[in-house]
Amino acid sequence: MPGGKANVNPEVDDMKKEEAGKLDEKIMEYENMEKQLEVVLIQKHQLQLQLNELKHADEELKKAKGDVYKSIGSLMILSNRDEAGKDIKDRQELVDVKLNALGKQEEKLRESLTSAQKSLQERMKEYGQQQGK
């Protein structure tokens, strides 16, 4: 055949295409996991900011003298100091629970990414070696 070798075995070409397709699929899965991790990290950061804000509000509540107001939507409502403190503590606990859940999710994603990366590197190496044949 002019310009190159003729492949005598079309099954080999089919196997190479199948392997390339599987490799592409694994790469897409890896990229999806990376995006999931990015979303988890953004959510975690937002919750950490909320927690810092709540801690600051709690400190300010302890220092405040006189009337205490709490924000409900765009309104400022007169509130009982104890009730406002309890509300802050409840919200802190909720944010802590969410942060712990996201931390576990982040850990699992990082482990999955590490495993997937090793697997991809092996497959790419094998694929490269097959292409050389």
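The values are calculated or read from the model by the stated rules, or taken from the named source; none is laboratory data. All values derive from a computational prediction rather than experimental measurement. Glycine gets a Cβ as well: all are built from the backbone with ideal geometry, and neighbour counts include every protein chain shown.
Looking only at region 50-65, which residues are of a type outside the set (Lys, Arg) and either within 13 Å of the chain's Cα centre (by Cα) or farther than 10 Å from residue 95 by Cα (or both)? Talk me through it step by step, then tell me what you get.
Here is the first cut: in region 50-65, the ones of a type outside the set (Lys, Arg) are 50-54, 56-61, 64.
Passing the criteria: 52, 53, 56, 57, 58, 59, 60, 61, 64.
What do you reckon, is residue 35 of a type in the set (Lys, Arg), surrounded by 14 or more Cβ atoms within 10 Å (Cβ to Cβ) and under 30 Å from residue 117 (Cβ atoms)?
No, not satisfied.
For residue 117, state whether it is under 30 Å from residue 19 (Cα atoms), assigned to a helix (DSSP H, G or I), out of contact with any helix residue (DSSP H, G or I) (no Cβ under 6 Å at 6 or more places or on another chain) and touching a residue at least 24 places away in the same chain (Cβ under 8 Å). Before you say what the answer is, go through the steps one by one.
Details: under 30 Å from residue 19 (Cα atoms): yes; assigned to a helix (DSSP H, G or I): yes; out of contact with any helix residue (DSSP H, G or I) (no Cβ under 6 Å at 6 or more places or on another chain): yes; touching a residue at least 24 places away in the same chain (Cβ under 8 Å): yes.
For residue 117, the condition - under 30 Å from residue 19 (Cα atoms), assigned to a helix (DSSP H, G or I), out of contact with any helix residue (DSSP H, G or I) (no Cβ under 6 Å at 6 or more places or on another chain) and touching a residue at least 24 places away in the same chain (Cβ under 8 Å) - is met.
Considering region 1-18 alone, what residues qualify as being in a helix (DSSP H, G or I) and either modelled with pLDDT of 75 or more or polar (S, T, N, Q) (or both)?
Hits for region 1-18 are 17, 18.
Here are some conditions: (1) exposed (fewer than 14 other Cβ atoms within 10 Å of the Cβ); (2) assigned to a helix (DSSP H, G or I); (3) in contact with a strand residue (DSSP E or B) (Cβ under 9 Å, 6 or more places away or on another chain). Residue 61 meets all but one. Which one does it not meet?
With (1) exposed (fewer than 14 other Cβ atoms within 10 Å of the Cβ); (2) assigned to a helix (DSSP H, G or I); (3) in contact with a strand residue (DSSP E or B) (Cβ under 9 Å, 6 or more places away or on another chain) applied to residue 61, the lone miss is (1).
On the basis of being touching a strand residue (DSSP E or B) at 6+ places or on another chain (Cβ under 6 Å), of a type in the set (A, V, I, L, M, F, W, C) and at pLDDT 90 or above, does residue 39 make the cut? Spell out the reasoning first.
Details: touching a strand residue (DSSP E or B) at 6+ places or on another chain (Cβ under 6 Å): no; of a type in the set (A, V, I, L, M, F, W, C): yes; at pLDDT 90 or above: yes.
No: the conditions fail for residue 39.
Suppose we filter region 64-76 for residues that are exposed (fewer than 10 other Cβ atoms within 10 Å of the Cβ) and outside any loop (DSSP other than H, G, I, E, B); how many remain?
Going residue by residue through region 64-76, those that are exposed (fewer than 10 other Cβ atoms within 10 Å of the Cβ) are 65-67, 72-75.
Pick out the ones that are also outside any loop (DSSP other than H, G, I, E, B) and you get 72, 75.
Number satisfying all stated conditions: 2.
Output the residues belonging to region 77-99 that are of a type in the set (Asp, Glu) and either in a strand (DSSP E or B) or under 21 Å from residue 48 (Cα atoms) (or both).
Going residue by residue through region 77-99, those that are of a type in the set (Asp, Glu) are 82-83, 87, 90, 93, 96.
If the condition is that a residue be of a type in the set (Asp, Glu) and either in a strand (DSSP E or B) or under 21 Å from residue 48 (Cα atoms) (or both), then 87, 90, 93, 96 are the ones that fit.
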